[in-house]
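I have placed the structure first, in the form of structure tokens, so that the comments after it can refer back to it.
Just so it is clear, none of the values below were taken in a lab; they were calculated from the coordinates. Keep in mind it's a predicted model, so treat the numbers as computed, not measured. Using ideal geometry, Cβ is built from the backbone for each residue, glycine included, and neighbour counts are taken over all protein chains shown.
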Amino acid sequence: MMKIVIVKAEDVGKAAFEEVKKVLCEKPDCTLGLATGSSPLPLYREMIRAYKDGLSYRNVTTYNLDEYVGLPKTHDQSYYYFMHKNLFSEIDLPEENTHIPDGTAPDMEKECARYSALLSAAKIDLQVLGIGGNGHIAFNEPGTPFTSKTHTVTLTEKTVLDNARFFDKIEDVPRTAVTMGIGEILKAKKILLIATGKNKADAVYKMIKGPVDVSCPASSLRDHPDVTVVLDEQAAAKL
Ligand code: F6R
């Protein structure tokens, strides 16, 4: 079941936080799946505001979706750095409760197996997602089987181009990433996907109205029992 919530751009954070708050209030020791990128930032700002207003994340556990391969944790484009800067350092979530795939592991195959094992032991109560302009979720690019587990991926040219704005030169954009698989994402009890801006309108349309097919990884969410999609008006423009 997909619930679609369309709000003004400035209300995306609040609308998304409503979903997270329900889970946190019901289960203060819940497990959250987290995403990076621009889409969840308004949500993270609301999570920080709620912490300042007295909400605690002390007993929360988190698992991130993905990480670039080869960027050290200290690199300002690593997802480790992103999560610490935009959320973890601002709230009382203990560092040892946070999990992000390690893109600097010497043996990435082993690292994928390690992360997969962690995920199959964990029960994610709510998974936060963004969506790529090509319909990807996490770094599961078009063509990825819906049963996939944590794996390394070669990023498509479109994703490399979309990400280039964050790097000095396009050659600096990593070409490989490690990502939670679609099969693992679909195991979350609830899913919250956030999409904003006109660049997402086509992908959002395909996710909701197109065929359920590997050509649009986000369309896999239509088979999930509890998905909330929070959109601003631009991302919802083609629905
Ligand atoms: C990030 C991730 C990606 C992004 C997607 C959209 O952890 O998994 O799938 O959600 O690329 O990125 P933004 O939000 O920057 O447009």
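A straight chain from residue 102 to residue 86 at 0.36 nm per residue would run longer than the Cα-Cα distance by 3.9 nm.
Beyond 27 Å in Cα-Cα separation lie the following of the pairs 149/238; 27/158; 21/110; 21/73; 110/206; 27/85: 149/238; 27/158; 21/110; 21/73; 110/206. Reported value for the chain: 114 Å³ per residue, from the convex hull of its C-alpha atoms. Label sites at residue 10 and residue 238, each approximated as a point 7 angstrom past Cα along Cα to Cβ, lie 2.8 nm apart.
Under 5 Å from the amide H of residue 63 lie the amide H atoms of 32, 33, 34, 99, each residue being 5 or more positions distant or on a separate chain, with H modelled from the backbone and absent for Pro and chain starts. Which FRET efficiency value, to the nearest 0.05, is calculated for residue 45 and residue 95 with the Förster distance at 25 angstrom and r the Cβ-Cβ distance? So the FRET efficiency works out to roughly 0.75. What percentages, rounded to whole numbers, describe P(r) for the range 54-176 computed over all alpha carbon pairs with 10 Å bin width beginning at zero? Spelled out per bin, shortest first, that is 11, 41, 37, 10, 0.
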